[in-house]
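As structure tokens, the structure follows; a few thoughts come after it.
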Number of protein chains: 2
Amino acid sequence: MEPNPIDLIVTNIGQLVTCAKDREDGAESALGLVEDATVACAGGKVVYAGPSARMDDSLTLDDNAERIDASGLLVTPGFVDPHTPLAFGGDRAAEFASRCAGATYLEILQAGGGILATVRATRATSEESLVGLCVDRLHRFAMQGVTTVEVKSGYGLTIEEELKLLRAIARAAKISPVRVVATLLGAHALSDEYREKREHYVSLVCRDMIPAAAESGLARFTDVFVEEGAFTAQDARAIARSAMDHGLGLRMHVDQLTAGGGAELAADLGALSADHLEQVSPDGVKALAKSGVCAGLLPTATLYARLKDYAPGRALSDAGAILALGTNYNPGSAMTENHSLALGLACLQNGLTPAEALLAATDGAARSLNLHGEVGLLTAGSRADLIIHKTDDYRHLAFHLATSHAAVVVAAGKVIHRAEPILRNCPG
Amino acid sequence: MEPNPIDLIVTNIGQLVTCAKDREDGAESALGLVEDATVACAGGKVVYAGPSARMDDSLTLDDNAERIDASGLLVTPGFVDPHTPLAFGGDRAAEFASRCAGATYLEILQAGGGILATVRATRATSEESLVGLCVDRLHRFAMQGVTTVEVKSGYGLTIEEELKLLRAIARAAKISPVRVVATLLGAHALSDEYREKREHYVSLVCRDMIPAAAESGLARFTDVFVEEGAFTAQDARAIARSAMDHGLGLRMHVDQLTAGGGAELAADLGALSADHLEQVSPDGVKALAKSGVCAGLLPTATLYARLKDYAPGRALSDAGAILALGTNYNPGSAMTENHSLALGLACLQNGLTPAEALLAATDGAARSLNLHGEVGLLTAGSRADLIIHKTDDYRHLAFHLATSHAAVVVAAGKVIHRAEPILRNCPG
């Protein structure tokens, strides 16, 4: 069979990051850096990504192919954000200001703040409005080069409201060029109705929400927040069982505020991803590395929580764990979709190298979404998601902190964002 | 005399921050919030900033006046960044990566890294090229709404090279719409030539650099880095004397890495600004408050230095010190011009409220540059520097972290940046 003719070609790439090499020799080697490179795409997939000189002569160019001269700049895979509960209503700026002025957690709760404030506001927001909010937020991710986003529900906390959120996410995903992977986070918190009925609520999640989310095809994963005051290890086991019964993958929030053996539990339950990990124990680090559960670093959430200790990215990497990096963009505890901030904090606070951070934001995050080989890398057959950056050195993505370097963003072979003219952010 | 006719009018402002009220009743009161407001400008100055209903009928509108409908959004004064040594050549991304991989400070120095790497690269960069670099960097500030920037030299460290930098800064200032205030930072570090001759170098700064910078009109301030391994209190006294003799204001880097009584010294020397302050003592806090020396918070630099403790913004504010907030954008220890990140970190790490952070980024920074009443506020007679933000609540500027909300930026009465369409970043 003839291959499809090339419909998008990016030439004159000064530094190409493919993320398509073995991880055995370390993160920088896994980035698969290529100088003087070309990426060719057809039908939304990559057909070639490598040295310009070695491109297969048999590949033909469509007459109407889009040609982009990368001007010697850096090209990476589109970023993958594996942890963003971005479907919510309401606004908690006033609560933030109160916190800054010294209000305690209890005072904020008593004033009607915290996560349940978002739950009330989200319930009061129509599905239609949520679709618009999600599309806007996905657009802001896209402009930074994030082409795949995991979106969690979790601000409904009843079956009707969680499904409303998942439907809104699905509708937004149809509109947005960003690829969306949806996760049911029914076990996010206990709403007022279930405050004293945790076991009852967990039953509802297991017996009703998970089956409904799975049967409707609206979620690919389920997630559970294991924490004092939220859900227990026993709850997580029940949720994991239900998820497995209904074909949903398991993600977990663990060891964020208290060391609860959450990483070990995630390994035991065969979760795909264990996120947060600020308080993970040395045994938990080993358990993640051994089990292959991806370790999700969310340093912007650590910053908002003003925790002294960030998740031990260095120890996790040294132990051989697969790292994933995300923003955790959410209405209270990480009100920032600045993906570049996450990259820089991963270095400055989690102890990663720029290569490790970039790998965690691409291939690592894709692995944590069970999309390894599809997104987060540039190789023949992968989705044609890429970023031309305003720099020629991948290390600037973390070093030049909180700065979007995205000059051109391509998703599924189409240009979805272009910041013209292509200027370098970091002239040498 | 007839007032000039209005040539720019911004109407339908949902929330106007003037920063023109007394500070006695706290920061939020000092912001002077006005709902349903109008700002009118003529000849680059504000002629009215207040409630739409109370605008003076005698003000006339020029036929060609630019009219901007703020769509109910937030308008603030343009931001003022009081501490940015942005005139430099070279690139230290590789050094950053080495640091992340565990290289010690000594290893980095031995590998030719650190501040002297930037000095070598800057000396090797032509004045012409430096002008271009400064213009690009000022442009990136402008796009975020920063309309006044203090720019330090400090990477030349000989009289010829420091003057080359100051000339480049002056030439860039003529090209850029951003207002630039230049500072001679001859006493930034000791170059290799003067490594063992600190006293000799300080003499050079006092006898040659300061007079030359003052006589040429290329600098308004001089600055000195008081720190172990850099310059001593005695050096600072000599520099302060020379600065006073030659009509330059004094700025100081103090108490960053070691508690050295730098704030007390700044108060004693009558400095306009004492910046960094991570290690300031309780007595130093009192000294700043009592003397009126502005306390310059640079939280992005604290982040890059991975210091556990940020400058005690809360204590400084409670003591009554005037706070100023900046990015410290520089090639090694704060490679970010993200001004919104500084605003958020000022809350999350320095302990300010969103109101205090915003006041520090506008009127406070203007005071630290001796520009109180001219910039950093919106009142009749002030420079027409303003930002229309993609939100209607000033608290979002800090809460929605590291996100530029600037939709329209006006400097000296001219629109210098416009992000169309005006979308809200934070729909309610």
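Nothing in this text is a laboratory measurement; each read-out follows from the coordinates by a stated rule. Note that the structure is predicted; figures quoted are calculated from it, not measured. So basically every Cβ, Gly included, is an ideal-geometry build from the backbone, and we count neighbours across all protein chains shown.
Points to keep in mind about this one:
- Taking the Kirkwood radius as Rh and the Cα radius of gyration as Rg, the stretch B:155-305 has a ratio of Rg/Rh equal to 0.96.
- Peptides A:264-277, A:207-220, ordered by how many other C-beta atoms sit within 10 Å of their residues on average, highest first, read A:264-277, A:207-220.
- Over the stretch A:259-356 - Rg/Rh using Cα atoms and the Kirkwood inverse-distance radius: 0.95
- Pairwise centroid distance, computed over Cα atoms, of the stretch B:146-218 with the stretch B:222-260, Å: 14 Å
- Inter-label distance for A:I175 and B:K308, nm, one decimal - labels placed 7 Å from Cα along Cα-to-Cβ: 4.8 nm
- Two-site FRET efficiency, B:K197 against B:Q234, from Cβ-Cβ distance with R₀ of 22 Å, rounded to 0.05: 0.90
- Ratio Rg/Rh [Cα only; Rh per Kirkwood] for the stretch A:242-299: 0.97
- Inverse mean reciprocal Cα-Cα distance (Kirkwood Rh) of the stretch A:117-236, Å: 14.7 Å
- Helix-derived mean residue ellipticity, 222 nm - over the protein assembly as shown, DSSP H n ≥ 4, -39500 (n - 2.57), to 500: -9000 deg cm²/dmol
- Footprinting exposure proxy for B:C41, A:C206 (fewest neighbouring C-beta atoms within 10 Å first): A:C206, B:C41
- The fraction of all Cα pairs in the stretch A:79-368 landing in successive 10 Å bins from 0 to the largest distance is 7, 31, 39, 21, 2, given as whole percents.
- The mean count of C-beta atoms from other chains within 10 Å of the C-beta of residues in A:128-134, rounded to a whole number, is 1.
- Taking every residue in B:298-304 and counting other chain Cβ atoms within 10 Å of its Cβ, the average works out to 2.
- Residue of chain B nearest the B-to-A rotation axis [by Cβ], rounded angstrom distance: B:A402, 2
- Neighbour counting of Cβ atoms within 10 Å sorts the residues B:E374, B:E356, fewest neighbours leading, into B:E374, B:E356.
- Förster-model FRET efficiency, 30 Å R0, B:T11 and A:A111, C-beta, rounded to 0.05: 0.30
- Mean partner shielding of peptide A:306-318, defined as the number of other chain Cβ atoms within 10 Å of each residue Cβ, is 1.
- Under the Debye formula (equal points on every Cα, no solvent term), log10 I(q)/I(0) of the protein assembly as shown at q = 0.07, 0.09, 0.10 Å⁻¹: -0.54, -0.90, -1.11
- Packing-based order for A:172-178, B:327-333, using average beta carbon neighbours within 10 Å, highest first: B:327-333, A:172-178
- FRET efficiency, 1/(1 + (r/R0)^6) with R0 35 Å, evaluated for B:S126 and A:A53 via beta carbons: 0.55
- Lys pairs under 23 Å by Cα in chain A, provided they are eight or more residues apart or on distinct chains: 11
- Separation of alpha-carbon centers, the stretch A:3-19 and the stretch B:19-86, rounded to whole Å: 49 Å
- Order of A:K152, B:K164, B:K21 - criterion: other Cβ atoms within 10 Å of each residue's Cβ, fewest first: B:K21, B:K164, A:K152
- The stretch B:182-263, relative contact order [Cα under 8 Å, separation at least 6], %: 33 percent
- The Cα-based radius of gyration and maximum Cα-Cα distance (Dmax) for the stretch A:352-400 are 11.5, 32 Å.
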